[in-house]
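Beneath this line is the structure, given in structure tokens, with notes to follow.
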Amino acid sequence: MDRNAILVVGSANMDMVVVAEKFPQPGETLFGRQFNMYPGGKGANQAVCAAKLGGETHFIGRMGNDLFRERLVQNMASDGVVMDHLLIDEQEPTGIALITVDGGGENEIIVISGSNMKLSPADVESRRALFNRVGVVLAQLEIPLETVARTAELAAAAGACFILNPAPACKLPVKLLQRVDFLTPNRLELELLAGMSILDDIESVRCAAQRLLDQGVGNVLVTLGERGSLWVTPGEARLFAARRVQAVDTTAAGDAFNGAFAFALSRGETVPQAIHFANRVAAFSVTRMGAQSSMPTAADIEEWV
């Protein structure tokens with residue numbers, strides 16, 4: 001292994017999706033049209049993205065001792081993610097999401113975090129040696145905040161680049177923000193983190209990102225959907241346009257962006273090159289159904305471009 005490797009610390013869920021004509025009322029029983037199970041979770045999605053692109057990608061997470069874990073591990077490993085550092089919880093089940101989709105495409109989601117929220121700072125500490133062998137560490141907020149904070153500390157101590165995708169968003173302590181090299185919120189997440197409303201213009205986004213830079217974040221990289229991505233540093237704000245595509249399913253587009261950005265940085269690309277590449281991968285992902293199933297290989301991107 002060399003320092004080109006990527007470490008993802010985060011969540012893994014089994015998404016259980018029911019499709020019905022309408023949502024049931026309290027006490028009502030309906031017949032559904034379709035049921036499927038899809039591997040998901042932001043951490044797992046981002047790890048699969050980086051691995052499918054060709055990056056040596058390691059995953060630290062916690063799953064239950066159950067059938068969902070077996071299926072998730074099998075799927076992630078088949079996509080190239082190194083699962084040697086997974087922790088198994090004997091008390092809590094593997095995380096799941098119960099998703100109902102109605103005839104108009106609206107959804108209702110209940111997430112049971114399960115073992116994801118049992119991933120502790122001590123768990124990450126027990127894998128400390130791995131941090132010294134990777135160049136990029138990527139985390140999200142579907143695990144306990146104190147575990148994210150310890151991950152950031154270990155990344156800094158090892159001299160690795162630390163990327164934090166602040167989703168689902170919550171207020172973050174300044175001490176954590178000061179250890180973030182790249183913070184990658186979408187517009188709504190940026191509003192919560194910055195504590196201000198954002199208008200539909202780039203200058204408003206830049207002002208909100210500046211608030212986070214003032215608290216110690218190295219770079220803020222705001223994903224803006226079809227408008228692209230805005231890279232904000234203390235001295236500059238630069239918009240990177242997205243490729244226009246016909247979207248089929250936007251699920252995990254943000255995860256595709258983050259996984260691809262981490263992969264490109266691990267390969268020694270400049271930040272602008274990495275953002276351009278991440279935009280392309282995210283655009284590709286929305287032309288396919290599903291989360292992990294929509295993540296492209298490097299050959300897919302070359303052929304598509």
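The phi torsions of the range 228-239, fed into the Karplus equation with coefficients 6.51, -1.76 and 1.60 and a -60° offset, translate into couplings of x, 9, 10, 9, 10, 10, x, x, 7, 10, 10, 8 Hz, rounded to whole numbers, with Gly and Pro shown as x. Put a dot 7 Å past the Cα of LYS175, heading toward its Cβ, do the same for LEU87, and the two dots end up 1.9 nm apart.
Of the GluC sites (Glu not before Pro) in the range 114-168, not one is in a loop by DSSP (not H, G, I, E or B) with at most 15 other beta carbons within 10 Å.
Maximal additional length on extending the PHE240-ASP300 stretch stands at 19.5 nm, based on 0.36 nm per residue less the C-alpha distance.
Overall, the anisotropy analysis places the range 33-138 in the prolate class: the square-rooted eigenvalues a ≥ b ≥ c of its C-alpha gyration tensor yield a/c not less than 1.5, with a/b exceeding b/c. Along the range 170-186 the Karplus relation, 6.51 cos²θ - 1.76 cosθ + 1.60 evaluated at θ = phi - 60°, assigns HN-Hα couplings of 8, 4, 10, x, 4, 4, 6, 4, 5, 9, 8, 7, 9, 9, 10, x, 8 Hz to successive residues, with x for each Gly and Pro. Only beta bridges with both residues in the chain are counted; by DSSP, about 45 percent of them are antiparallel. In a reduced charge model with +1 at each Lys and Arg Cβ and -1 at each Asp and Glu Cβ, the chain shows a dipole moment near 600 debye about its Cα centre. When you restrict to C-alpha pairs under 8 Å that are six or more residues apart and normalise by the size of the chain, the relative contact order lands at 17 percent.
Of all accessible surface on the range 233-282 at a 1.4 Å probe, what whole percent is carbon and sulfur? Carbon and sulfur: 49 percent of the exposed surface of the range 233-282.
Rounded to the nearest percent, how much of the accessible area of the range 3-110 (1.4 Å probe, protein heavy atoms only) is carbon and sulfur?
On the way: 2560 of 5120 Å².
Carbon with sulfur: 50 percent of the solvent-accessible area.
Each of GLN273 and ALA77 was given a label point 7 Å from its Cα along the Cα-to-Cβ line. The distance between the two points is 3.4 nm. Converting phi to 3J(HN,Hα) with the Karplus coefficients 6.51, -1.76 and 1.60 and the offset θ = phi - 60°, the range 135-145 yields x, 9, 10, 10, 9, 9, 10, 9, 10, x, 4 Hz in sequence order, with x at every glycine or proline.
With the Cα gyration tensor of the range 44-105 giving a ≥ b ≥ c as the square roots of its eigenvalues, does the rule (a/c under 1.5 for rounded; else a/b larger than b/c for prolate; else oblate) give rounded, prolate or oblate? Because a/c hits 1.5 or more and a/b fails to exceed b/c, the range 44-105 counts as oblate.
If you find the alpha carbon centre of the range 34-112 and of the range 1-21, how far apart are they in angstrom? If we compute the Cα centre of each part, the gap is 5 Å.
Counting only protein heavy atoms and using a 1.4 Å probe, what share of the accessible area of the range 130-219 belongs to carbon plus sulfur, as a whole percent?
Result for the range 130-219: 51 percent of the exposed heavy-atom area is carbon or sulfur.
At a probe radius of 1.4 angstrom, the accessible area of the range 149-259 per residue rounds to 44 square angstrom. Per residue, the range 26-68 exposes an accessible area of 45 Å² to a 1.4 Å probe, with every protein chain left in place. Between SER126 and GLN34, the modelled label-to-label distance comes to 4.0 nm, taking each label 7 Å out from Cα in the direction of the beta carbon.
To the nearest 0.05, what FRET efficiency results for ARG133 and ASP200 with a Förster distance of 41 Å applied to their C-beta separation? In this case the efficiency is close to 0.40. Taking a ≥ b ≥ c as the square roots of the eigenvalues of the Cα gyration tensor, the chain is classed as rounded, since a/c falls below 1.5.
The values are calculated or read from the model by the stated rules, or taken from the named source; none is laboratory data. Keep in mind the model is a prediction, meaning the values are calculated, not measured. Neighbour counts are summed over all protein chains in view; Cβ atoms, including those assigned to glycine, are modelled from backbone coordinates with ideal geometry. Calculation scope for accessible area: heavy atoms of the full protein, side chains included, ligands and nucleic acids excluded. Shrake-Rupley method; radii C 1.70, N 1.55, O 1.52, S 1.80 Å.
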